[in-house]
Structure formats: structure tokens, C-alpha cells
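A short write-up of the structure that comes next.
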Amino acid sequence: MNSSPKNILLVHGAWHGAWCWDELTPHLERHGWRVFTVDLPSTWSDPEVGMYDDAEVVGEALGAIDGPVTVLGHSYGGVPMSEAAETAPNVERLIYLAAQMLEVGEALVTPLGGPWFPADWRMVPVPDQITDAAYFDVPTELAAATTARLRPQSARAFTDAQTRASWQKLPSALIACDDDRNIPEVFIKRAIDDEMPTLVRRLPGGHSPFLARPAELADVIDEVAAAL
């Protein structure tokens, strides 16, 4: 029997913070996981901070975890996760939750043909439609509270190019959401068509299952980690 602890590091997406995992954490703990989180500095209102700074924070968090670790990145969080994970010897597997999987040399905006925001923007404000796009199936009060906590995102987070693609070296899973209205379909379709993840699992509902169906998501995470 493997007596190693089940460690998981959760990496949040753009505009969010480590607080977004509060609903999911107790369900993961019931599966025996020790849950760790990071707060990415690209959401701290500093336009000089970008994806590489986020990846450094992820790497530092991995280095502080004693024992093997699974890393899960949601949405944009998959990018700094990919940049940092292969540099940490204790990372066993990666889980991309409705997340972008990029090739070396790509930034998040690359598959979209360039930024969707003006070129002179240094901070990208929270999208006006994010509640309907990302939280339409989240309980109303929780969706409103989440929207109120979102923070502007550094534009550099979206334009810094990947120098490592850790999914190429580590067992990786993609959890895709069937009614995801937030992440452009190009990312999910490309990942599946090009067989970028080792395995793919699907969840019903929208982009934020850690809020909409945290117990079900924890079940899938536990199953996927075991399968990898």
C-alpha cells in the first residue's frame, strides 16, 4: 500500500485568487488530499508582473511541499502551471481544469490570433459578462460574492510566452466542461484533437465547477489522479 500523502496544489485562473477554492477544499480533504493553494501575483494590480512571475510563485509553492504532489490549474492557471511544474522533482501529474494547454513559444493569446484587448492596456479589467459566462450555473448568492472579489489581471499574464510545456513530460489530464461559455473552444478542441493530455474527462455545466458542483469535481479529480 502506498503510504505517501496525497498532496494537491491548486492554481487559480485569471482575475481570481486562492479564495476561489474554498468550496472545493473540504470535498478534496474528504478524499484524503492535503490541499495547498497559491495566490498569483498577476492579479495584484501590478502591470509589471506577468506569467513568469506567476510561474515562479507556483514553483516556490511546489518546493515547499513535502512529498509527491498533483498540480491542478484552472483556466489561465494552466499556463504558469505548465511553465513551472517540470522544474519541481516532486510533481507526479498535472490536471488541467477547463484550462489552456500551450506549446513552447506560445502565449495565451497566440491561438486566438492576438490579444482580445487593446494593445496599450497594461491591466485587463474583469470582463463585464463574466457572471453570465463563468458562473451561470453557480448559486446566485455565491456567484455574486465571487464576482465582487475578482481583481484586474496583468496583461502580461496573457502575452508572456511559454518556455516550458510540462504536459509534454508529465502525465496530464484535461477536465473539460460541457457547457463552458468562458474558455474559447479552440483551446479544448486543439488539446483533444492533438492528444495533448494523457486522458480527458468531462463534467456537465459551466466553467467554474469548483463553485457549481464542488463535490462532483472532487470525485473526478480523485478518479483522474488515480488513473494517471
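The values are calculated or read from the model by the stated rules, or taken from the named source; none is laboratory data. Note that the coordinates shown come from a computational prediction; the quantities given were computed from them, not determined experimentally. Every residue, glycine among them, receives a Cβ derived from its backbone with ideal geometry; neighbour counts consider all protein chains shown. We work out accessible area using only protein heavy atoms, side chains counted, and drop any ligands, DNA or RNA first. Shrake-Rupley method; radii C 1.70, N 1.55, O 1.52, S 1.80 Å.
If amide H atoms are built 1.01 Å from N in the plane of the peptide, which residues on other chains or at least 5 residues away come under 5 Å of the amide H of ARG34?
LYS6, ASN7, ILE8
Taking θ as phi - 60°, what are the ³J(HN,Hα) couplings along segment 67-75 by the Karplus curve (6.51, -1.76, 1.60), each to the nearest whole Hz, with x for Gly and Pro?
Result, rounded to whole Hz: x, x, 9, 9, 10, 10, x, 9, 6.
Below 8 Å between Cα atoms, with a sequence gap of 6+, how large is the relative contact order for the chain in percent? Display every interim value, and only then the final one.
On the way: 476 pairs, mean separation 56.5, N = 228.
Dividing the mean separation by the residue count of the chain yields 25 percent.
Shape verdict for the chain, please, from the Cα gyration tensor: rounded (a/c under 1.5), prolate (a/b greater than b/c) or oblate. Present the calculation step by step, with values, prior to reporting the outcome.
Values: a/c = 1.40, a/b = 1.18, b/c = 1.18.
It is rounded, given that a/c, with a ≥ b ≥ c, falls under 1.5.
In nm, what is the difference between 0.36 nm times the number of residues separating ARG201 and GLU106 and their Cα-Cα distance?
On the way: separation 95, 0.36 × 95 = 34.20 nm, distance 2.45 nm.
Roughly 31.7 nm would be gained on extension.
Each residue of segment 93-104 in turn: what ³J(HN,Hα) in whole Hz from Karplus with 6.51, -1.76, 1.60 and θ = phi - 60°, glycine and Pro shown as x?
Each residue's phi maps through the Karplus curve to give 7, 10, 10, 9, 9, 6, 10, 7, 10, 10, 7, 4 Hz.
What ranking do 57-66, 114-123, 148-157 get when scored by the average of other Cβ atoms within 10 Å per residue, highest first? Spell out each step's value before the answer.
Numbers: 57-66: 16.3, 114-123: 11.6, 148-157: 19.3.
By packing density, highest mean first, the sequence is 148-157, 57-66, 114-123.
To the nearest 500 deg cm²/dmol, what mean residue ellipticity at 222 nm is calculated for the chain from DSSP H runs of n ≥ 4 alone, each contributing -39,500 (n - 2.57), summed and divided by the residues? List each step's numbers first, then the result.
On the way: 9 runs with 72 residues, N = 228.
Taken over the chain, the calculation gives -8500 deg cm²/dmol.
So who's got an amide H within less than 5 Å of the one on ILE95, skipping anything under 5 residues away but keeping other chains? H placed 1.01 Å off N, in plane.
VAL71, LEU72, GLY73, ALA173
Per residue of segment 16-31, in order, report the coupling 6.51 cos²θ - 1.76 cosθ + 1.60 (Karplus, θ = phi - 60°) as ³J(HN,Hα) in whole Hz, putting x for Gly and Pro.
Ordered by residue, 3J(HN,Hα) equals 9, x, 4, 4, 5, 8, 4, 6, 7, 3, x, 6, 5, 4, 5, 8 Hz.
Restricting to bridges with both residues inside the chain, how much of the DSSP beta-bridge set is antiparallel, in percent to the nearest 5? Mind dumping the intermediate values first?
Working: 2 of 27 bridges.
Here the share of antiparallel DSSP bridges comes out near 5 percent.
Compute, for the chain, the length of the dipole vector about the Cα centre, with Cβ point charges of +1 (Lys, Arg) and -1 (Asp, Glu) only. Units Debye, rounded to 20. Please report the intermediate quantities before stating the final value.
Working: 16 positive and 33 negative charges, 45 e Å.
Here the chain has a charge dipole of around 220 debye.
Residues with amide H under 5 Å of ALA107's amide H, sequence separation 5 or more or different chain, H placed in the peptide plane at 1.01 Å from N; which?
For ALA107, the qualifying residues are GLN162.
For the pair ARG34 and ALA148, how long in nm is the line joining their label points, each one 7 Å along Cα→Cβ?
Between ARG34 and ALA148, the label points sit 3.5 nm apart.
Would you mind putting 191-203, 36-48 in packing order, based on average other-beta-carbon counts within 10 Å, highest first? Could the numbers behind the result be given before it?
Working: 191-203: 15.1, 36-48: 18.0.
With the highest mean Cβ count within 10 Å placed first, the list reads 36-48, 191-203.
When the accessible area of the chain is computed with all protein chains present and a 1.4 Å probe, what percentage of it is carbon and sulfur? Walk me through the intermediate numbers first.
On the way: 4810 of 9580 Å².
Solvent-exposed carbon and sulfur of the chain make up 50 percent of the total.
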